[in-house]
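We did not get these values from a lab; they are worked out from the coordinates using the rules stated. This one's a predicted model, so the numbers in the text were calculated from it and none came from an experiment. Positions of Cβ are backbone-derived with ideal geometry, glycine not excepted, and every protein chain shown enters the neighbour counts.
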């Protein structure tokens, strides 16, 4: 079968930085969604052939976060898993790869998505491994270095937004208006309970 069908979907709530999920690892968020997605699709864990999960800030999470999410989400240990890092597009790329695998006939039932926790991003001390001695060493914020810093141009990813705005002649006023409208729509949809059907509690 090479037709691609979404059999079930869900997500966790979105928490503010450093607030509700500050002590919850990305793998815990991922495993919660893995278990519920299987349930909502009307499947049993053994039906899943492979898990593809996007994750960007993997420092400190342990080997292959996607596999951890699969195992802790109740899938059998024979189910393979791959962690995908395409920065902001990681989760969507996981879904695209899953679709491609089905179209190619290499798999029939896959679980794809993404998981992230900026609140749990660690600080890195690169020079500490071989001894610091009498010296000061910098702490490197993994959230910035691994997720928000352009490794090629050496600037914050927020600058890329400015570049795009300049290229397409988008004013700050237009951006603010769009952002405000988006926030109002989200607040309205939340109050009306439109997201309840897709959210799984953690």
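Brief remarks on what is shown
- Taking only alpha carbon atoms, the chain gives an Rg to Rh ratio of 1.02, where Rh is the Kirkwood radius.
- Scaled radius of gyration (Cα, divided by 2.2 N^0.38 Å) that region 80-153 gives: 1.60
- Two numbers describe the Cα atoms of region 96-139: Rg and Dmax, which are 21.0, 59 Å.
- Relative packing of 124-133, 49-58, 21-30, which averages over residues the other C-beta atoms within 10 Å, highest first: 49-58, 21-30, 124-133
- Rounded FRET efficiency, nearest 0.05, which uses the C-beta distance separating residue 181 from residue 157 and R0 of 25 Å: 0.60
- Over all pairs of different C-alpha atoms, region 135-202 has a mean inverse distance whose reciprocal, the Kirkwood radius, equals 15.7 Å.
- Sorted largest first, the spans of the alpha carbon positions of region 26-114 along the three principal axes are 31, 26, 21 Å.
- Extension gain, residue 150 to residue 6: 0.36 nm times the residue separation minus the Cα-Cα distance gives 48.5 nm.
- Among 140, 71, 163, residue whose mean-square fluctuation peaks in a GNM of the chain (springs only between Cα atoms under 10 Å): 163
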